[in-house]
1. Could you tell me the calculated FRET efficiency between A:R124 and A:K81, based on Cβ-Cβ distance and R0 = 22 angstrom, to the nearest 0.05?
2. Whose amide H sits under 5 Å from the amide H of A:I46, counting only residues 5 or more places off or on another chain, with H placed in the peptide plane?
3. Taking amide H positions as placed in the peptide plane 1.01 Å from N, state which residues far from A:G444 in sequence (5 or more) or on other chains have amide H under 5 Å from it.
4. Measure of size requested: the Rg and Dmax of chain A, with Cα atoms as the atom set and Å as the unit; please supply both.
5. Exactly which chymotrypsin sites (Phe, Trp or Tyr not before Pro) in the stretch B:19-55 are in a DSSP loop and have at most 12 other Cβ atoms within 10 Å?
6. Under a cut-off of 17 Å between alpha-carbon atoms, report the lysines in cross-link reach of A:K400, not counting same-chain residues fewer than 8 places apart.
7. Kirkwood hydrodynamic radius (Cα pairs, Å) of the stretch B:80-205?
8. Rank-order B:256-264, B:152-160, A:137-145 by packing density, defined as the average count of other C-beta atoms within 10 Å over each peptide's residues, highest first.
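The values are calculated or read from the model by the stated rules, or taken from the named source; none is laboratory data. Please read all numbers here as calculations on a predicted model, not as lab measurements. Here Cβ is always computed from backbone atoms with ideal geometry, including for glycine, and neighbour counts include all displayed protein chains. The protein model used for the area step is the full one, side chains on, heavy atoms only, and it has no ligands, DNA or RNA in it. Shrake-Rupley method; radii C 1.70, N 1.55, O 1.52, S 1.80 Å.
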Amino acid sequence: MSKTYPNGLEALREVSFEVRKGEIHAIVGENGAGKSTLMNILFGLIKPTSGEILFNNNHFSPKHPSEAIDLGIGMVHQHFKLVQSITVAENIVLGMENRFQSKLRRVDREAMNESVASLIDRLRMSISPDDRIDSLPISKRQQVEILKVLYREADFVILDEPTAVLAPNEVEDFLEFVRGIREMGKTVIFISHRLGEVFSLADRITILRRGNVIGTFDKRDVDRESVANMMIGTATDLSEDPPDCLGNESVLSVEGISDVSGTIRDLSFQLREGEILGFAGVGGNGQEELFEALAGSLRLASGDIRLVGSSISSLDTLERRRAGLALITDDRMGKGLAPDRSIVENCMAGHHKFGKFGKWLIKDTDARSFTESIVADYDVRCGKNIKTAVRALSGGNMQKLLVGREIAYEPVVLVAAQPTAGVDVAARKLIHDSFRRLVKTGSGVILISGDLEEIMGLANRIIVLYRGRAVTEMTHPHYDPTEISYYMTGIRGAQDDRYSHS
Amino acid sequence: MIGTRTLSFRKLLLSLLLVLCILSVWALIIWFGGESPFKGFRYIIEGSLGNHYQFLSTLNKMVPLILAAAAVAVPAWTGMWNIGGEGQLLLGAFGAALVGFSIDFGVGLVNIVVALIVSAAFGMAWAAWPAFFKIKLRMDEVVTTLMGNYIAAQLIAYLINNPFRDPRSPLAQTPYIKSSFVIPYLFEGSQFSATFFVAIGMVLVLFIFRKRFITGYEFDITGSNPVFAGLSGIRVKKTKLLSMLIGGALAGLAGGLLVLGMTQRVMQSFSPGYGFTGLLICLLAFNDPLLIVGIAFLFSALQTGSVNLQLFTSVPAEISGVLQAVMVLFVAAFKTFIVGRREG
Ligand SMILES: Nc1ncnc2c1ncn2[C@@H]1O[C@H](COP(=O)(O)OP(=O)(O)OP(=O)(O)O)[C@@H](O)[C@H]1O
Ligand SMILES: [Mg+2]
């Protein structure tokens with residue numbers, strides 16, 4: 001299989017691999033290695049430049065995903081493709097709603113919701129068919145994507161980085177769930193950057209590097225280190241320790257904030273200069289609201305937020321950025337980038353308010369050199385062309401671009417939500433190093449992440465969020481992952497929650 | 001870079017096919033109208049470009065079309081729909097006429113500039129309330145701007161019937177503007193005037209504004225992803241409001257130029273639907289100012305050419321509307337193939 005994109009980029013170079021019936025087959029590789037491209041070809045979303053596919057020993061060249069779906073192939077995409085404004089059940093049934101139509105073309109919603117609810121029950125997930133997609137946290141949206149595929153009774157399931165947005169305990173449940181799919185006799189292709197997951201789940205592993213297949217290995221014949229080396233070509237050190245440059249002054253203080261909807265309740269904390277403060281928690285426990293509250297796009301019912309002493313609660317996003325705040329959102333496609341616009345335009349956004357490219361007229365050379373330095377510093381692989389649309393970048397490269405742009409503010413406080421979601425080992429290190437460099441200059445970082453390993457390796461202090469409250473706080477080096485997960489799941493610390501709805 | 005070239009080659013082929021499709025359906029329609037298509041095309045081309053009078057008349061007709069299309073394009077950059085060009089244009093025309101028959105500053109140029117500024121301001125005001133309702137009450141601007149057209153038409157009908165009716169005229173129309181407000185014709189026997197250069201100038205300004213100015217860049221980012229724009233510190237509501245105001249001003253200016261450069265007064269059925277034709281042109285031009293000029297030229301040539309067609313054949317001049325519609329249909333159908341798909 002080969003694929004050259006219209007812009008001349010060779011994403012796949014004559015790769016071959018084979019998936020056996022009933023196995024979980026992991027595909028690993030750095031950002032931009034071509035994993036999503038390969039899967040999109042299997043699913044009929046894009047056409048290969050050359051090569052062929054045999055599916056159950058029959059030639060198969062899907063021109064459209066519907067042909068793949070007809071053969072029982074289902075795919076969960078790296079970037080969500082859900083309709084925001086309709087319910088879970090509607091999204092899942094979408095395209096098959098005629099099953100529930102009466103002769104008068106009226107959709108029987110009850111039957112529809114019931115059939116979706118029965119699937120949800122069988123998988124023991126906690127989603128209601130009536131929830132609107134835009135009211136769900138990102139981890140729940142991921143589950144809806146998977147439900148959608150399983151609902152179509154796919155026998156061959158492609159999962160493109162399904163765990164990138166899940167919290168640790170959700171990941172364990174999810175892996176169990178994927179094993180369950182295998183037990184049902186289905187075949188799974190699983191893509192992930194987390195080798196731990198890959199090793200606990202996969203039967204066989206195929207390694208891609210820059211558009212080439214390095215090989216397919218039985219899990220028993222390789223270990224983590226060797227796979228990591230084959231992916232990148234060099235050895236990397238996977239262990240990390242938080243930076244050590246704590247100052248005394250507080251750069252950000254949050255005093256008893258609650259939002260109007262009551263998702264975050266009476267949250268208070270201090271961030272000191274040179275500190276990385278981690279927020280751990282299962283997705284949907286107030287992380288998004290915390291981010292929005294700091295960004296200035298969420299109405300607060302009470303409380304105050306102070307940046308280096310002065311209140312920013314009544315400022316809008318622009319004024320907060322001027323005061324020294326930078327924001328890495330966890331929704332890069334929806335909120336962090338304009339995918340249809342070029343890399344340059346995406347890098348300029350926000351910085352243009354600081355007069356970096358002129359007050360009225362855009363100074364092209366300044367915009368270019370600014371962009372080129374971000375692209376170079378953060379190793380954004382874009383075929384050297386900064387005029388390409390961001391949509392053409394691989395997921396991880398988009399993320400690097402987003403992180404690079406926000407750190408380029410040299411902020412006093414950086415708020416980073418899932419900064420390494422879908423990023424490979426090397427890029428993850430690069431992003432973490434950039435955080436370390438930032439705190440050395442006396443800035444503070446709020447790190448909201450579902451990745452416990454990341455938080456424990458980076459944060460000086462961890463606050464666990466549960467149902468919008470800070471239930472516990474731990475300081476490096478007294479981290480205990482089991483303890484943290486108890487707090488995250490409400491086994492500890494939440495007993496005195498008077499407002500609990502459960 | 002082979003990939004790029006094959007794709008653009010494909011695009012070129014498709015564009016050629018598109019033109020071919022349009023021309024053959026046009027030929028068919030003219031043939032049904034009882035005329036040989038080749039002769040028909042010849043009459044249209046001769047009638048629009050044949051001699052310099054006809055050419056000038058084609059250019060002159062472009063003025064309101066260009067501006068009305070730009071009035072849709074600028075708000076579209078930020079993701080707003082301005083369907084109200086027609087009403088804004090009427091208000092603008094009235095504003096210019098009002099200044100023209102009631103005030104005089106003594107100097108012709110000053111008069112003209114003031115009248116044009118007032119026409120833009122009137123158009124802007126008519127775009128302001130839908131924009132305001134959208135931003136404050138989240139009322140859909142498609143509905144409000146569209147509704148605004150009908151309100152504007154009634155309002156103007158009232159104004160030219162009662163308070164501002166020319167007392168010496170049997171018809172409902174305003175008095176003539178004073179001669180010092182008139183933008184003179186440049187050539188004997190043609191209505192072509194400096195208004196054309198004003199329209200072209202505006203297009204160039206808009207083009208540069210979008211490509212080179214910080215605010216123009218903000219327009220594009222807001223239109224592309226408003227949530228992202230907001231998180232980047234762009235004031236999304238303000239930006240959308242501003243784009244609507246500019247759109248309204250452009251439509252108003254179109255009305256003002258029509259009054260000062262041609263009609264010299266506002267009468268019943270002042271606009272034969274410039275606003276809506278502008279909308280079509282803008283859609284065909286994908287909101288791009290330079291393409292707008294090209295498409296407006298085509299539309300305008302079709303209109304002047306069709307008059308000639310009617311003169312020499314049995315085909316009615318209204319045919320130009322049908323031919324336009326064919327063009328719009330085909331372009332809409334081909335659009336997805338030429339630019340719509342992200343991936344080849
Ligand atoms: N539509 C496109 N047009 C041009 N190039 C593209 C397009 N989509 C992807 N690419 C390029 O193809 C290469 C492979 O991208 P792909 O999305 O398959 O990577 P990936 O292995 O899934 O990476 P990640 O882990 O970051 O998601 C990248 O260099 C990317 O920039
Ligand atoms: Mg990918």
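1. Numbers: r = 25 Å, r/R0 = 1.12.
After rounding to 0.05, the efficiency reads 0.35.
2. A:I41
3. Distant-sequence amide H within range of A:G444: A:G274, A:V413, A:L414.
4. 23.1, 71
5. Working: sites: B:W26, B:W31, B:F32, B:F38, B:F41, B:Y43, B:Y53, B:F55; in loops: none.
Nothing satisfies the criteria.
6. Cα-Cα hits under 17 Å: A:K335, A:K384, A:K387, A:K429.
7. The answer is 16.1 Å.
8. On the way: B:256-264: 25.1, B:152-160: 17.8, A:137-145: 21.6.
Highest to lowest by the protection proxy: B:256-264, A:137-145, B:152-160.
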